[in-house]
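In what follows, a structure is listed as structure tokens, so that the remarks can point back to it.
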Amino acid sequence: MFSSIQKLLIGGAVVVALTAGASAKKTEDPEKFHFEHVSCNGADNQIRLVVMGVKRNAGRITADLYPNQEDGFLKKRGRLTQVKFAAKSPVTSFCIIAPSAGSFAIAVYHDENANDGFDKGPLGMPAEPWGISNNPKVRFSPPPVEKALFEVNHTGAEVEIKLK
């Protein structure tokens with residue numbers, strides 16, 4: 001079998017190999033790589049979005065990205081981009097790329113029936129779960145954009161939205 005010296009050398013090689021593997025992992029930026037969704041690639045200005053309170057694995061989560069402008073906030077003409085991904089209960093995570101660093105807001109909704117629209121009830125109230133970045137309190141009208149703003153720098157941002 002192995003002599004004491006061979007065992008010591010083999011053991012040392014294993015420790016070196018394990019240490020080398022561990023140090024390689026430590027050099028990765030955990031903020032950029034812990035999201036496993038296909039939309040998350042570590043690009044500059046990447047917003048890692050976590051949508052909580054998804055009740056069913058049906059339909060899609062739709063997210064709209066808005067600039068720091070009151071005019072057009074929560075309106076189709078005001079959004080910078082829109083992404084749609086399969087809903088996964090209880091949490092759906094994915095990424096959106098902001099066009100640059102700066103202040104942005106996000107609105108999401110769970111399109112439960114996948115009809116590509118945000119369904120509303122007879123009085124115009126939302127009929128599907130929705131949420132806004134920073135989770136502001138909403139009474140009888142939409143919040144102003146400043147309540148939903150968050151900062152994105154070149155390394156990106158992480159945003160958590162709870163569906164209502």
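The values are calculated or read from the model by the stated rules, or taken from the named source; none is laboratory data. Because the structure is a prediction, the values reported are computed rather than measured. Cβ atoms come from the backbone with ideal geometry, glycine included; neighbour counts cover every protein chain shown.
General observations
- So ALA58, is it under 16 Å from PHE150 (Cβ atoms), in the same structural domain as SER133 (by TED's automatic domain parsing) and either surrounded by fewer than 18 Cβ atoms within 10 Å (Cβ to Cβ) or not aromatic (Phe, Trp, Tyr) (or both): no
- Total residues in region 145-164, condition assigned to a loop (DSSP other than H, G, I, E, B) and out of contact with any strand residue (DSSP E or B) (no Cβ under 7 Å at 6 or more places or on another chain): 2
Yes/no matrix, rows are residues, columns are (1) in contact (Cβ under 8 Å) with a residue 24 or more places away in the chain; (2) out of contact with any Ser or Thr (no Cβ under 6 Å at 6 or more places or on another chain); (3) within 21 Å of SER39 (Cβ to Cβ):
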position	(1), (2), (3)
PHE85	yes, yes, yes
THR92	yes, yes, yes
PRO99	yes, yes, yes
VAL108	yes, yes, yes
ASP111	yes, no, yes
LEU149	yes, no, no
ALA157	yes, yes, yes
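- Qualifying positions in region 121-144 - more than 24 Å from ILE96 (Cβ to Cβ) and either polar (S, T, N, Q) or part of a strand (DSSP E or B) (or both): SER141
- Residue match in region 115-127 (condition: without any contact (Cβ under 8 Å) to a residue 60 or more places away in the chain, over 13 Å from the mean Cα position of the chain (by Cα), buried (at least 17 other Cβ atoms within 10 Å of the Cβ) and within 21 Å of VAL50 (Cα to Cα)): no
- Lone unmet requirement of (1) part of a strand (DSSP E or B); (2) surrounded by 20 or more Cβ atoms within 10 Å (Cβ to Cβ) for CYS40: (1)
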